[in-house]
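The values are calculated or read from the model by the stated rules, or taken from the named source; none is laboratory data. This one's a predicted model, so the numbers in the text were calculated from it and none came from an experiment. Reconstructed Cβ throughout: ideal geometry from the backbone, glycine too, with neighbour counts over all protein chains shown. Surface accessibility is based on the protein's heavy atoms, side chains included, excluding ligands, DNA and RNA. Shrake-Rupley method; radii C 1.70, N 1.55, O 1.52, S 1.80 Å.
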Amino acid sequence: MKTREEILAYGLTFADTYVDTPFSDTNWQLVRVKQSKKAFLWTYEKDGFLNLNVKADPEWRDFWRSTYESVIPGYHQNKEHWNTIILDGSIPDEDVKRMIAESYDLVTDSPTKRIYEAVKKIPKGHVATYGQIAEMAGNPRMSRAVGNALHKNPDPLHIPCFRVVNSKGELAGAFAFGGGKAQEELLREDGVEVVDGKVDLEKYGMK
């Protein structure tokens, strides 16, 4: 992702968003959330590179700055809450996308964010169903949204979506983890027994 067009297109993949050029200087183009009008992605050219301003959780703000030299305190914004990403080719696309996704979640009361927080609460050696996660995230009816959110998991290392199974204890399809046995292997490493593609919810289910 190197061009403004690519970045703005990615920004628009998030729900209820639009591009805005609010200043007389058209170098600044933003992606906002429709209902709140809050911007979560600022784009502008500076010193020969496309720059992005994204909101950052204090827990992750310094991590990104220390990991990449091209992530710096937010230019022209509150440096406690915003980072600037300089698209000089040194940051993998997946991490650029992850930082944009984090920014979106921070400026919205995002069901996706609540889902991820719920998944983080599943203890090692246990599983939870999509329905349980939906209930923990505040809406028992959004089981399908849970599946969609986990399929787009931006941080598998910290959001253990492999611990989520369906109401029968069955594992997800191969597409979700990049291989037919990937989820099963992760669960076994976690101490969860898998038999014929299923987990015993009585034994391993989150209470």
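Here are the numbers for this structure:
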read-out	value
Within straight-line cross-link reach of K198, lysines at Cα separation under 22 Å, skipping those fewer than 8 residues along the same chain	K120, K121, K124, K168, K181, K207
Label-point gap, in nm, between K198 and R4 - each point 7 angstrom along Cα→Cβ	5.6 nm
Accessible area (Å², 1.4 Å probe, nearest 10) - D47	130 Å²
Cut-off 13 Å between beta-carbons: net charge of the residues surrounding P160, Lys and Arg +1, Asp and Glu -1	0
Carbon and sulfur %, accessible surface of the chain computed with the full protein complex present, 1.4 Å	50 percent
Cβ-Cβ FRET estimate between K37 and A182, R0 fixed at 41 Å, reported to 0.05	0.50
Spin-label pair K97/V19, simplified geometry with 7 Å Cα→Cβ offset, distance in nm	1.9 nm
Those lysines that a straight Cα-Cα span of less than 28 Å connects to K34, excepting residues fewer than 8 apart in one chain	K2, K46, K55, K79, K97, K113, K152
N148/N78 FRET efficiency (R0 41 Å; Cβ-Cβ; nearest 0.05)	0.80
Helix-only CD estimate at 222 nm, as mean residue ellipticity for the chain, using -39500 (n - 2.57) per DSSP H run (n ≥ 4)	-9500 deg cm²/dmol
For the chain: accessible area per residue (Å², 1.4 Å)	55 Å²
Stretch gain in nm, segment L157-V107, where the contour uses 0.36 nm per residue and the Cα spacing is subtracted	15.7 nm
